[in-house]
1. Which value, in Å to one decimal place, does the Kirkwood hydrodynamic radius take for segment 326-420 when every pair of different Cα atoms is included?
2. What percent does the relative contact order of the chain come to when contacts are Cα pairs within less than 8 Å and at least six residues apart?
3. State, to one decimal in nm, how far the label point of R391 lies from the label point of N330, with both points 7 Å from Cα in the Cβ direction.
4. Per DSSP H run of at least 4 residues, take -39500 (n - 2.57); add these up for the chain, divide by its residues and hand me the 222 nm value, nearest 500 deg cm²/dmol.
5. Mind checking the per residue accessible area of segment 55-170 for me, 1.4 Å probe, whole number of Å²?
6. Mind checking the full-extension length gain between D52 and V84? Use 0.36 nm per residue of separation minus the Cα-Cα distance, one decimal, nm.
7. Taking the Cα centre of the chain as the origin, how large is its charge dipole in debye, to the nearest 20, when only Lys and Arg (+1) and Asp and Glu (-1) carry charge on their Cβ atoms?
8. Compute the distance from the alpha-carbon center of segment 322-358 to that of segment 403-432, in whole Å.
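The values are calculated or read from the model by the stated rules, or taken from the named source; none is laboratory data. Please read all numbers here as calculations on a predicted model, not as lab measurements. Please note: Cβ atoms are built from the backbone with ideal geometry, for glycine as well, and neighbour counts cover all protein chains shown. Just so you know, the surface numbers come from the protein's heavy atoms only, side chains and all, with ligands and any DNA or RNA stripped out. Shrake-Rupley method; radii C 1.70, N 1.55, O 1.52, S 1.80 Å.
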Amino acid sequence: MNVVLYRVADSAELDAFHRRAQSSERMTVALRRDEVPGAGSVRLCIVLADSDAMEYSDWGAAPSPGAYIVGAGVMRPAGRATTVQTRYAFDPLIMFDFLLDVDELRAEIDLTTDQKRVFEEGLDGRLLSPKTSQRVWDGLLRIAEPTRARLRFLSDSVRPFTPPSAAEGRILLQERDAVMVATEIFGGSTNLRGGLRYMSRETSSAPFLARLADAHQLEDQVIDKDARNFLDWVGLETEHAAAMTFHSGQRTLTVVNANKGPIEKATGADLIYYNHSNESFVLVQYKMMEHRAAEWVYYPDQQFELERQRLVAVESIHQQAAFDSSNHLNYRLGAPVTYFKFCRRNAAFDVNDLKLMPGSYVPTDYVQSLMASMHGERGAARIVEGPLKARSLGNTSFAALVSTGLIGTRGTATDDLVSVVQSALDAGRSIVIGVETGAPDS
């Protein structure tokens, strides 16, 4: 482990750090190569500020004179700044909403005489030796109790995370993408995704959200009351479950990730997005395409047919549901309420990659037509990416249609979701449920 101590220059730079942390945008700085040798390496960083740099920051009462620890992050090389400087990006970056006096850290860590000298010199901004780095970071973990979990995730994130099996990595990819699709439907802002980076390496067999520092247990009071009863039922029915909440104006999105067994045993992931105000939901099931003979192909099998029939049953029940036709909010562009998202199986799980997986969303009833018209040399059904993509929805268009209520069920109460979720869990799926509540933003 190597830790860089970075000292902000003034109040303007400190404010820039806070703004970037809140927006999940990258904060970049330029450092001399003699201050941080090994320009190609990823480092942990502790952000320091002098009390006089906090004059225009949001700290309430003015702090006593001295140096303070105000944040931490991971510094990643981001190119050459000048002939003698390397540019670094803080990604991820955590800024504290409390102050830690550097004297508290001094008192907490047990350093040799040489390590003390390196530490004191480092307070002006430099790279610490591995042994000193470990002791300083461990000391910070002990005294920074309010944000200890997130700091642990920072130290985890400098070590490459490799899922123990390809099956686990595949499900984690699908679950994380489903969570991000839910946030895309809810608000479309990538700022909502920042907390998805802070992932534990130690939690095994649990779904994606259960591994995050910012996740809640289902019984936590922070979860929206309108989603409470439904989520209580999910908790009783599943072995692993966790939730996260997101806010935009008067609206709240509660996202739950759950499964009945170990993640590596799941057959795939389903996203169910429910808008409480519109009494409407859509269901998306993930399928991964393989690269064969210069094209991306999905080969339907018996398991696929069982899952397709399950979605057909959902369609049949909810398309027949009664609704108020005089309410303009019940208008839909079409009947489909269940979709498949076909994605390429060409990416390993990267905890820092918060981009949506490119994919093609197609209605369940259209898949039957695709299979009927596409066959391999021996007559086996297959779905080829080219023709599929030409008549499908992408991430942005699908999210916009769900967000505006132009696709999805009508007149669906929360209790009606129980059978849909129960069916998915019984089929061995890992589920991501997004429940949007509150008045629409004006």
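1. Details: mean 1/r = 0.0631 Å⁻¹.
By the Kirkwood definition, the hydrodynamic radius is 15.8 Å.
2. Working: 824 pairs, mean separation 70.8, N = 442.
Averaging sequence separation for qualifying contacts and normalising by length gives 16 percent for the chain.
3. Placing both labels 7 Å along Cα→Cβ, they lie 3.1 nm apart.
4. Values: 12 runs with 138 residues, N = 442.
About -9500 deg cm²/dmol.
5. On the way: 5890 Å² over 116 residues.
Spelled out: the 1.4 Å probe surface of segment 55-170, per residue, equals 51 Å².
6. Values: separation 32, 0.36 × 32 = 11.52 nm, distance 2.89 nm.
Extending this stretch completely gives an extra 8.6 nm.
7. Details: 47 positive and 57 negative charges, 321 e Å.
With only Lys, Arg, Asp and Glu charged at Cβ, the dipole is about 1540 debye.
8. Computed from Cα coordinates, the inter-centre distance equals 12 Å.
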